[in-house]
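Student: Below is a structure I'd like to ask you about.
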Amino acid sequence: KQETSEVSLFSLFSLFLTLTFFFTLFFLLVKPIFFFRKNVTVHGDSMSPTLLNNSVLAINDAKNNQIERNQIVEYLSHYQGNDVMKIGRIIGLPGESIFIKKGSVYINDAQIIEPYLPSEEKTASFSTNATVLKQNEFYILGDNRKNSIDSRIYGPIHRDQIKGVFDKCISGCK
């Protein structure tokens, strides 16, 4: 009877370790894919030609991602008293100076190369002053510069307003 009890305890302990292993594996590998990602449909042409109207994107939660230049992000815009979720591209990072001159974007007085834009695309400026980004501020532009309401209009976006980071295109992208 002592032997049966030891085997039972060993079986229970083995079952516990197995369940713990699979539970841990689930939360490390599977959960981030399903619980920290969402699908977002693009509305409008502000990111054309990169993203078309009705493109569907997989977006990862921004809380778990570092924000980098040229990333496409989902963000909350506060424009004309309305809170609207938008899609745009990170152009300027905290601490940088952004200036638009003769259709080109300059960061810290150096013109940036934007290979994702059509060669004829020019960036209009709505200010004669440079925008200096504070800590946790980002400058976001749409790829369709003629048809995008972005940081040129409502200024920098705070890190807390960035809700998601583009992971991959599900449908309708260039």
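The values are calculated or read from the model by the stated rules, or taken from the named source; none is laboratory data. Every value quoted in this text rests on a predicted model; they were computed, and no experiment measured them. When we count neighbours, we look across all protein chains shown, and the Cβ atoms used for this are built from the backbone with ideal geometry, even at glycine. Ligands, DNA and RNA are stripped out before the accessible areas are found, and what is left, the full protein with its side chains, is counted by its heavy atoms. Shrake-Rupley method; radii C 1.70, N 1.55, O 1.52, S 1.80 Å.
Student: Lys and Arg at +1, Asp and Glu at -1: add these up for the other residues within a Cβ distance under 13 Å of VAL84 and post the number. Walk me through the intermediate numbers first.
Tutor: Working: positive: LYS86, LYS163; negative: GLU74, ASP83, ASP150.
Neighbour charge sum, excluding VAL84 itself: -1.
Student: Around GLN161, what is the net charge, scoring Lys/Arg as +1 and Asp/Glu as -1 over all other residues with Cβ under 13 Å from its Cβ?
Tutor: Numbers: positive: LYS63, LYS86, ARG159, LYS163; negative: GLU74, ASP83, GLU137, ASP150, ASP160.
Around GLN161, the surrounding residues sum to -1.
Student: In region 67-162, which chymotrypsin sites (Phe, Trp or Tyr not before Pro) are in a loop and have at most 14 other Cβ atoms within 10 Å, using DSSP for the loop call?
Tutor: Working: sites: TYR75, TYR79, PHE99, TYR106, TYR116, PHE126, PHE138, TYR139, TYR154; in loops: TYR116, PHE126.
Here the chymotrypsin sites (Phe, Trp or Tyr not before Pro) that fit, given the DSSP loop and packing criteria, are TYR116, PHE126.
Student: For GLY164, which sequence-distant residues (separation of 5 or more, or a different chain) have an amide H within less than 5 Å of its own amide H, given hydrogens modelled in the peptide plane?
Tutor: Amide H neighbours of GLY164: ALA62, GLU74.
Student: Would you work out what percent of the accessible area of region 73-151, with all protein chains in place, is carbon or sulfur (probe 1.4 Å)? Walk me through the numbers on the way to the answer.
Tutor: On the way: 2070 of 4220 Å².
Whole-percent figure for carbon plus sulfur exposure: 49.
Student: Filter the trypsin sites (Lys or Arg not before Pro) in region 87-155 to those in DSSP coil with at most 16 other Cβ atoms within 10 Å of their Cβ, and list the result. The partial results should precede the final answer.
Tutor: Working: sites: ARG89, LYS101, LYS102, LYS122, LYS134, ARG145, LYS146, ARG152; in loops: LYS102, LYS122, LYS134.
Qualifying residues, ordered by number: LYS102, LYS122, LYS134.
Student: On to the next question. For ASP160 and ILE112, calculate 0.36 nm times their separation in residues minus their Cα-Cα distance, and state this gained length in nm to one decimal. All intermediate terms of the calculation are to be shown ahead of the outcome.
Tutor: Details: separation 48, 0.36 × 48 = 17.28 nm, distance 2.57 nm.
Taking ASP160 through ILE112 to full extension adds about 14.7 nm, to one decimal.
Student: What does the charge add up to near LEU93, with Lys and Arg as +1, Asp and Glu as -1, over the other residues with Cβ less than 9 Å from its Cβ? Please report the intermediate quantities before stating the final value.
Tutor: Details: positive: ARG69; negative: GLU68, GLU96, GLU137.
Every neighbour counted, the sum reads -2.
Student: Give LYS122/LYS174; LYS122/LYS163; LYS86/LYS146; LYS38/LYS63; LYS146/LYS174 a once-over and call out the pairs whose C-alpha atoms are over 22 Å from each other.
Tutor: On the way: LYS122/LYS174 20 Å; LYS122/LYS163 28 Å; LYS86/LYS146 16 Å; LYS38/LYS63 13 Å; LYS146/LYS174 19 Å.
Listed pairs above 22 Å: LYS122/LYS163.
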